[in-house]
């Protein structure tokens, strides 16, 4: 069994490689230029060269604001590149896990979003991810689309690391308090993907389709930041300025974010036995790793 992870440098891709390796499964990560979703030839060649048992697409154009000024790039990666990957994986009979986002929803729901709820993206990023999902559904019957939200990790650039770095440097933090979601440790998402792929390849399940998975419970970005700083101070002593709660309209964002993007993870628990773990507990474990190796808080090079 070999797993091919698309998106070599991303935080989820790095967690996936570690999780599959820890499970004793051969895993290979590929990224640009070896596999460039904007270059169909590289996609075909990488699949033919690696001959994996399963493909996990953890790659994507994820800069929500920049997507508004670079729609061609966003759609080229998140839709067109996904279509190429999907068609080629189907042609070679390689099942696919495709990671998507809560941003396919508009945030007007009053309850956690289920997989069959109508989508209504607010911006280019959300639309490009939704159209990528549709490519997967139309061109690859053997697929799992896994939507998640508010990812953080010890790797890469993410909200948790930015908050902790600025707090420890004594910088003022102004954090949005009117957007609600569920922080999700990328390691937990990676572990879930390992369980899903093993279940399918072992022949225990073939429940293709769309699933949601995020951290258990919910909070605001302000609540996330406050909890993170408080937990970090229990591990490593430092002084920080008070965190200032602000409204979305006070934050200089190019595109509006969903005000509510909590995802209902009950389907994946019912089908695969995967439970959404309490977000505050999982943040605690991630922070302990970050505090044990402060170099991880540095801004990664582009």
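Bear in mind that the values in this text are calculations on the coordinates, not laboratory data. It should be emphasised that the depicted structure is a prediction, and the values quoted were computed from it without experimental measurement. FYI the Cβ positions are ideal-geometry reconstructions off the backbone, even for glycines, and counts take in every protein chain you see.
Observations on the structure shown:
- Order of 295, 26, 264, 202 under a 10 Å beta carbon neighbour criterion, fewest first: 295, 202, 26, 264
- Based on alpha carbons, the Rg and Dmax found for the chain are 18.8, 57 Å.
- Acute angle (nearest 10 degrees) that the helix 221-235 long axis makes with the longest principal axis of the chain, alpha-carbon atoms: 80 degrees
- Neighbour-count order for 246, 94, 193, fewest beta carbons within 10 angstrom listed first: 246, 94, 193
- Normalised per residue, the volume of the convex hull around the Cα set of the range 1-63 (Å³): 68 Å³
- Spin-label pair residue 230/residue 108, simplified geometry with 7 Å Cα→Cβ offset, distance in nm: 3.4 nm
- By definition, a body whose alpha carbon gyration tensor gives a ≥ b ≥ c is oblate when a/c is 1.5 or more and a/b is not larger than b/c, and the range 217-279 fits this oblate description.
- Percentage of interatomic Cα-Cα distances in the range 170-302 larger than 17 Å: 68 percent
- Helix-derived mean residue ellipticity, 222 nm - over the chain, DSSP H n ≥ 4, -39500 (n - 2.57), to 500: -12500 deg cm²/dmol
- Residue order, fewest to most surrounding Cβ atoms within 10 angstrom, among 222, 152: 222, 152
- Between the range 1-62 and the range 95-153, the Cα center-to-center distance that results, in Å: 20 Å
- Rounded to the nearest 10 degrees, the inclination of helix 82-91 to the longest alpha-carbon principal axis of the chain is 30 degrees.
- More than 17 angstrom apart: percent of Cα pairs within the range 61-100: 38 percent
- Counted over the range 123-236, the DSSP beta bridges are approximately 25% antiparallel.
- The chain, relative contact order in percent, only Cα pairs under 8 angstrom and at least six apart counted: 21 percent
- Shape class for the range 87-167: oblate, because the ratio a/c of the largest to smallest gyration tensor axis (alpha-carbon atoms, square roots of eigenvalues) is 1.5 or more and b/c is at least a/b.
- On full extension, the segment bounded by residue 23 and residue 239 gains 73.8 nm, given 0.36 nm per residue less the C-alpha separation.
- Tilt relative to the chain, helix 11-22 - C-alpha long axis, 0 to 90 degrees, to 10: 60 degrees
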